[in-house]
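The values are calculated or read from the model by the stated rules, or taken from the named source; none is laboratory data. Bear in mind that the values here come from a model prediction, so they are computed numbers and not experimental data. When we count neighbours, we look across all protein chains shown, and the Cβ atoms used for this are built from the backbone with ideal geometry, even at glycine.
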Amino acid sequence: MIEERKNTTFEIRVSEGKAGTNPESPDWEVAELENGCVVDNSDIYDNLTYAEAQQIAGMWTKKKEEAEAAVE
């Protein structure tokens, strides 16, 4: 049995219907992508400023890397 390894990434993007022209406005979201696609809409965190979105994406990326290192 061959197990496909999923590639999880985190994308910062402008929330649907928002302008995304002001980094201080809560127009941003972070989406968890598995192999480039959102699998579960509950994995999208929105209503964030750009700085908040960067912080969350960075935190999740670090936790993912730590978990992968623990498995190896």
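Would you mention how many residues in the stretch 12-24 are of a type in the set (G, A, S) and surrounded by 16 or more Cβ atoms within 10 Å (Cβ to Cβ)?
Final tally of qualifying residues: 1.
Are any residues in the stretch 50-72 among the aliphatic types (A, V, I, L, M) and either surrounded by fewer than 13 Cβ atoms within 10 Å (Cβ to Cβ) or farther than 29 Å from P26 by Cβ (or both), and if so, which ones?
A51, M59, A67, A69, A70, V71
Quick grid of which residues meet (1) in a helix (DSSP H, G or I); (2) at pLDDT below 95; (3) in contact with a Lys or Arg (Cβ under 6 Å, 6 or more places away or on another chain):
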residue: M1; (1), (2), (3): no, yes, no
residue: R13; (1), (2), (3): no, no, no
residue: G17; (1), (2), (3): no, no, no
residue: D46; (1), (2), (3): no, no, no
residue: K63; (1), (2), (3): yes, yes, no
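Considering only the stretch 26-43, I want to know if a residue exists there that is part of a strand (DSSP E or B), surrounded by fewer than 15 Cβ atoms within 10 Å (Cβ to Cβ) and under 12 Å from the mean Cα position of the chain (by Cα).
Among the residues of the stretch 26-43, at least one is part of a strand (DSSP E or B), surrounded by fewer than 15 Cβ atoms within 10 Å (Cβ to Cβ) and under 12 Å from the mean Cα position of the chain (by Cα), which makes the answer yes.
Only one of A53, A67 is hydrophobic (A, V, I, L, M, F, W, C) and more than 12 Å from the chain's Cα centre (by Cα); which?
Every option except A67 fails the conditions.
Keeping to the stretch 8-49, report how many residues are touching an Asp or Glu at 6+ places or on another chain (Cβ under 7 Å) and not aliphatic (A, V, I, L, M).
Total satisfying the criteria: 12.
Go through the stretch 25-36 residue by residue and tally those that are farther than 12 Å from F10 by Cβ and at pLDDT 95 or above.
Count: 4.
When you go through A57, A51 one by one, which is the residue that is farther than 13 Å from F10 by Cβ, in a helix (DSSP H, G or I) and touching a residue at least 24 places away in the same chain (Cβ under 8 Å)?
A51
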